[in-house]
Amino acid sequence: MNLSCDVIVIAITLPTVVILLCLVLVFEALMLLVIGGTGSALESLRPTSAGEEELQLQLALAMSKEEHDEELRRKKGDEAKLQMALDESRRQSVAAAAAPGSPVHGAQVGV
């Protein structure tokens, strides 16, 4: 008997990593505030090295790019839905104009 095991691989995409990093930063800030942190506690959230600062900048850039890409996808979807509605409206207008007994039967419908 041959048994095989399926391995589930979780694909961690860039947006997932960005969200996780943001959650970690927010959690750290909240913990500092809850513990009774003051202004100096918030100062500790600032990058302590050039590498950490670079990582934060990359994170901010990735988040911005993801938001922009999502907005573009949403707009494309909206435009596609609008085009489909316009096409359907034109088809219905042509069908209504071509129907026998229509006041504009045989007349051309502007497109």
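So for the stretch 41-100, considering every pair of alpha-carbon atoms, how many percent are separated by more than 14 Å? Don't skip to the end; give the middle numbers.
On the way: 1321 of 1770 pairs.
Beyond 14 Å sits 75 percent of the P(r) for the stretch 41-100.
Please compute the net charge surrounding Thr48, taking Lys and Arg as +1 and Asp and Glu as -1 over other residues with Cβ under 15 Å from its Cβ.
Working: positive: Arg46; negative: Glu28, Glu43, Glu52, Glu53, Glu54.
Result for the local shell: -4.
Read-outs throughout are calculated quantities, based only on the coordinates presented, and are distinct from any laboratory measurement. Nothing here was measured: the structure is a model prediction, and the numbers come from that model. Neighbour counts are summed over all protein chains in view; Cβ atoms, including those assigned to glycine, are modelled from backbone coordinates with ideal geometry.
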